[in-house]
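The values are calculated or read from the model by the stated rules, or taken from the named source; none is laboratory data. Keep in mind that this is a model prediction, so the values were computed, not measured. All Cβ positions, glycine included, derive from the backbone under ideal geometry; neighbour counts span all protein chains shown. Ligands, DNA and RNA are stripped out before the accessible areas are found, and what is left, the full protein with its side chains, is counted by its heavy atoms. Shrake-Rupley method; radii C 1.70, N 1.55, O 1.52, S 1.80 Å.
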Amino acid sequence: KGRLLDAVRPNRRQPVCGDIEQMPLAAASVELACSNLALPWVGRADLALQELNRVLARGGLLMFTTLGPDTLTELRAALGPDGAHAVHLFADMHDIGDQLVQCGFAEPVMDMEHIRLTFDSPQRLLTELRELGRNLHVQRFPGLRGRAWQAQLCQALQQELADPAQDGRLTLEFEIIYGHAFKPAPRVRVSPS
């Protein structure tokens, strides 16, 4: 059985699961690295970019998506004073482009778009945000909140985010950043003659 499949698919790839800041891959072992919304959820994106540069072969391509600073601005506003720390801050695409160059990538190309998502209820909105990732803000609330706080939160979200144009559905905007960059060949130093 295995030999027949190997003959039909001789270059079968094996998936790898690992920490983006310490990948279980050899240096210069991949030609293409794709990261879909992983960078917003790491403690330091520069470490993840350095690691991606390490595993890419010369001429390899990094393609990624991440979230920009205009993501969840309505949620911050709806939460009032608590909103400043309820969602961590996302990096601007220009800063990410600079980080790519600092980490050794060449020819970075960045683009972005705004996407508005709608939700049936505050509970569904909160569930989907929890599934997306955690809050990394250093000044976030350190403990657990009670049911009364959650009820107030749901009420505030319903009042602030309900869009009459969307039949009262709650709307949130996400800034999606798209980027790619190459790992260049090492520079050849020429000594003066």
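A few comments on the model shown:
- Label zone at GLN123 (point 7 Å along Cα-to-Cβ), backbone N below 14 Å, segment 71-98: none
- Gain in span if fully extended, MET112 to LEU37, counting 0.36 nm per residue against the direct Cα distance: 25.7 nm
- Efficiency of FRET between ALA148 and HIS94 - r from beta-carbon atoms, R0 35 angstrom, step 0.05: 0.25
- Note on ARG187 and ASP163: the model spin-label points, each 7 Å out from Cα along the C-beta direction, lie 4.7 nm apart.
- Relative contact order (%) - criterion: Cα under 8 Å, at least six apart; region: the chain: 29 percent
- Dividing the helix sum by the residues of the chain, where each DSSP H run of 4 or more adds -39500 (n - 2.57), gives a mean residue ellipticity at 222 nm of -9500 deg cm²/dmol.
- Distance between the pseudo-spin-label points of VAL101 and ALA28 (7 Å out from Cα toward the beta carbon): 2.5 nm.
- For GLY60, distant residues with modelled amide H under 5 Å away: LYS183
- Accessible surface of segment 90-193, 1.4 Å probe, proportion on carbon and sulfur as whole %: 51 percent
- The residue list HIS137, GLN158, PHE174 was ranked by how far each Cα lies along the charge dipole of segment 81-193 toward its positive end, using unit charges on Cβ atoms, and HIS137 comes out on top.
- Computed E for LEU136/ALA77 - FRET, C-beta separation, R0 22 angstrom, nearest 0.05: 0.65
- For segment 38-149, accessible area per residue (1.4 Å probe, heavy atoms of protein chains only), Å²: 56 Å²
- Under the simplified labelling scheme, the ASP70-ARG58 pair shows an inter-label distance of 4.1 nm, with each label point 7 Å from Cα along Cα→Cβ.
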